[in-house]
Amino acid sequence: MGQLNQRHILVAISGGIAAYKGAELVRLLKKQGALVRVVLSRGATEFITPLTMQALSGEPTHTELLDEAAEAGMGHIELARWADLMIIAPATADVIARLAQGRADDLLTTVALATPAPVAVAPAMNQQMWAHAATQENIQMLASRGIQIVGPSAGEQACGDVGLGRLLEPEAIVIALNQRFDNRLLEGRRVVVTAGPTVEAIDPVRYLSNHSSGKMGYALAGACADAGAQVELISGPVHLDPPDRVTLHLVTSAAEMCVRALELADGADLFIGAAAVADYRPESTSADKIKKQAGDTLVITLVENPDIIASVSQLANRPVLIAGFAAETNSVMDHAREKRLRKGLDMIIANDVSDPDTTFGAEQNAVHLITETEERSLPLASKRVIAEQIVLAVADSLERLLRRP
Ligand code: PMT
């Protein structure tokens with residue numbers, strides 16, 4: 001499977017004769033293992049039906065901005081946050097102009113403005129319209145904002161003209177999207193990621209743990225692998241499949257995670273501590289199930305676990321860059337800044353775990369990246385998109401640290 005496997009791809013189709021090729025694009029993306037949702041502009045519904053797109057994507061087709069049923073299901077803002085990537089194909093000259101102006105007067109442009117995910121545009125129009133200065137200025141404007149322009153290609157057009165303006169063939173669009181996720185920013189780097197909870201046994205039946213699902217750490221491991229890194233993922237017990245091209249190390253307790261982390265982090269380029277490591281464990285673990293006596297209380301003495309990421313930071317051959325997370329419920333930034341210094345980290349990624357949208361187990365996250373010289377916020381998005389943005393940030397910092405004399 002390529003880079004699109006299990007990715008959330010939002011396909012937006014605007015109203016041009018090439019709209020029918022949107023159906024083939026959805027079919028090919030599904031074949032790549034992507035999860036696809038479709039937005040049809042009002043004009044597109046003149047060329048292709050919502051039912052056809054629903055049959056191909058396996059999901060309800062979104063057409064109207066203020067559609068009660070859709071809002072009850074997945075509203076336009078949720079749709080924008082669901083996406084790991086939005087591709088507008090075909091994109092008419094009108095849609096390109098409205099995107100350039102930052103309009104939000106229909107579902108397609110509203111979602112394009114609201115999504116934190118990367119956006120790609122596949123233009124399709126008459127060759128004269130494509131060549132027009134206004135269209136070219138709009139395209140330059142979109143490209144300057146980081147929007148990927150995919151195509152157009154040259155050839156015979158439905159109107160009988162021949163020239164540049166044909167929608168790129170769906171197969172070529174899929175190749176371009178695959179490459180989008182294949183950024184090689186961490187090519188040849190050795191990366192260690194911790195993820196998930198740790199489990200601290202009380203007796204063979206009972207234990208202490210937390211609600212970490214591992215999704216954030218697994219998304220980071222996947223994004224680092226997509227960027228070309230050799231990734232060692234050290235994971236507590238979770239219910240997730242490991243990302244492709246990642247070496248998985250399953251552990252249970254904080255002590256086991258610590259041993260594995262110190263072993264793998266020695267001489268690594270990058271260490272990301274996303275695991276929710278239990279700060280304490282029972283002073284002793286009973287070999288047999290502790291029997292319950294009527295009316296008594298069970299007192300369990302807890303002792304401190306090793307601080308894994310702080311220990312990694314103390315390694316003689318410490319990783320070049322160490323990024324930890326700060327799971328906070330109040331004074332998020334102050335606590336995170338203090339934690340970065342106390343643990344000897346290059347970056348700390350602060351997240352508010354009291355927010356139902358971003359707490360343990362959530363599909364999305366919103367974080368603040370804090371280093372010695374910079375603080376930057378990444379707004380609410382899927383953990384995959386957040387992970388890719390964190391990889392962009394750490395790759396940049398890593399290169400600067402490696403260049404340091
Ligand atoms: O797994 P998900 O359901 O996707 O949820 C994601 C998350 C909320 C777990 C994740 O985004 C997150 O915040 N992970 C860090 C949770 C945590 O333990 O935060 P903390 O502030 O207690 O720890 C700070 C840092 O020290 C973390 O990098 C942690 O991995 C590390 N740590 C903490 C304790 C310890 N004994 N050893 C450590 O290495």
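Bear in mind these aren't lab numbers, they're just calculated from the coordinates by the rules spelled out. Model, not experiment: these values are computed from the prediction. With ideal geometry, Cβ positions are generated from the backbone for all residues, glycine too; neighbour counts draw on all protein chains shown.
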Exercise for the section: Read phi for every residue in the stretch 308-313 and hand back ³J(HN,Hα) as whole Hz from Karplus 6.51 cos²θ - 1.76 cosθ + 1.60, θ = phi - 60°, with x for Gly and Pro. Expected result: 4, 5, 5, 5, 4, 5
Completion exercise
In nanometres, the difference between 0.36 nm per residue of separation and the alpha-carbon distance of Met333 and Ile77 is 89.5 nm
Completion exercise
Residues whose modelled amide H sits under 5 Å from the amide H of Ala229, counting only those 5 or more places away in sequence or on another chain, are Leu186
Handout entry: Förster-model FRET efficiency, 25 Å R0, Glu24 and Gln140, C-beta, rounded to 0.05
Key = 0.30
Handout entry: Extension gain from Cys159 to Glu187, taking 0.36 nm per residue of separation minus the Cα-Cα distance
Key = 5.5 nm
Handout entry: Under the Karplus curve 6.51 cos²θ - 1.76 cosθ + 1.60, θ = phi - 60°, whole-Hz ³J(HN,Hα) for the stretch 93-110, x wherever Gly or Pro sits
Key = 4, 5, 5, 4, 5, 6, 5, 4, 7, x, 6, 8, 9, 8, 4, 4, 5, 5
Problem - Quarter of the Cα convex hull surface for the stretch 8-180, i.e. its orientation-mean projected area (nm²) - result: 8.8
Completion exercise
Diffing the stretch 263-271: the Karplus 3J(HN,Hα) column from phi (6.51, -1.76, 1.60, θ = phi - 60°), in whole Hz with x for Gly and Pro, holds 5, 7, 6, 4, x, 6, 7, 9, 10
Problem - Gain in span if fully extended, Thr373 to Leu341, counting 0.36 nm per residue against the direct Cα distance - result: 10.3 nm
Fill in the blank from the handout: Taking the chain, the lysine pairs whose C-alpha atoms sit under 29 Å apart (8 or more places apart or on different chains) add up to 11
Fill in the blank from the handout: Expressed to one decimal in nm², the mean projection of the alpha carbon convex hull of the chain is 24.2
Exercise for the section: Report, by chain and number, residues whose modeled amide H sits under 5 Å from the one on Ile202, excluding near sequence neighbours (fewer than 5 apart, same chain). Expected result: Tyr207, Leu208
Handout entry: Cβ-defined net charge surrounding Asp352, 13 Å radius [Lys, Arg +1; Asp, Glu -1]
Key = -4
Exercise for the section: Pairs of Cα atoms under 8 Å, at least six residues apart: use those to get the relative contact order of the chain, whole percent. Expected result: 12
Handout entry: For Val121, residues with placed amide H under 5 Å, excluding near neighbours
Key = Ile88, Gln148, Ile149, Val150
Exercise for the section: Please work out the Cα center distance from the stretch 147-212 to the stretch 334-405, rounded to the nearest Å. Expected result: 20
